[in-house]
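Notes to accompany the following structure.
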């Protein structure tokens with residue numbers, strides 16, 4: 001009975017390791033990190049990058065080291081220089097640089113008010129090195145929407161930025 005349980009456990013363990021995708025490892029001494037074992041092919045999650053709730057001191061603490069202006073300026077500069085591309089969130093059609101500039105000039109997509117990013121990432125865990133890496137595939141830029149009393153209602157999707165693979 002114990003032999004059967006051990007055999008079954010060994011089979012499950014071997015099958016589990018075989019099912020994981022292993023990214024190629026760089027050779028030692030190259031200075032590049034190994035990606036490790038893929039644990040999430042695609043995962044989506046939002047990150048608030050502006051605290052819209054003045055009573056939320058924990059959000060202030062979490063965001064204290066974020067350089068919001070630097071981040072947003074880098075994103076928009078990369079778009080305007082053609083290093084990254086923007087896409088409509090709903091149709092996935094490419095948005096031209098001219099259209100991005102018009103969106104920004106309209107005031108609806110003021111980079112200083114960009115309050116949330118939604119990341120699409122792949123995650124890798126390297127048990128040998130005790131490290132985890134993430135590869136950002138895209139970011140959705142979002143802005144707050146307020147009602148006629150000035151109260152926050154939701155986030156409005158601006159556009160999707162795909163990053164180089």
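The values are calculated or read from the model by the stated rules, or taken from the named source; none is laboratory data. Only a predicted model underlies this, so the values are computations on that prediction, with no experimental measurement involved. Glycine gets a Cβ as well: all are built from the backbone with ideal geometry, and neighbour counts include every protein chain shown.
Count, please, the residues in segment 116-154 that happen to be closer than 21 Å to residue 84 by Cβ and over 14 Å from the mean Cα position of the chain (by Cα).
Summing the residues that are closer than 21 Å to residue 84 by Cβ and over 14 Å from the mean Cα position of the chain (by Cα) in segment 116-154 gives 1.
What helices (runs of 4 or more DSSP H) lie completely within segment 1-90 and have 3 or more residues being in contact with a helix residue (DSSP H, G or I) (Cβ under 9 Å, 6 or more places away or on another chain) and modelled with pLDDT of 50 or more?
Those helices (runs of 4 or more DSSP H) span 68-80.
Can you tell me which residue in segment 98-140 is nearest to residue 62 (Cα to Cα), limited to those that are part of a helix (DSSP H, G or I) and touching a helix residue (DSSP H, G or I) at 6+ places or on another chain (Cβ under 6 Å)?
111
Please list, ordered by first then second residue, the pairs with beta carbon atoms under 6 Å, 6 or more apart or interchain, first in segment 85-101 and over 15 Å from residue 163 (Cα atoms), second outside any helix (DSSP H, G or I).
100/86
Checking residue 50 against (1) within 28 Å of residue 38 (Cα to Cα); (2) in contact with a strand residue (DSSP E or B) (Cβ under 9 Å, 6 or more places away or on another chain), only one condition comes out false. Which one?
Among (1) within 28 Å of residue 38 (Cα to Cα); (2) in contact with a strand residue (DSSP E or B) (Cβ under 9 Å, 6 or more places away or on another chain), the lone unmet condition for residue 50 is (1).
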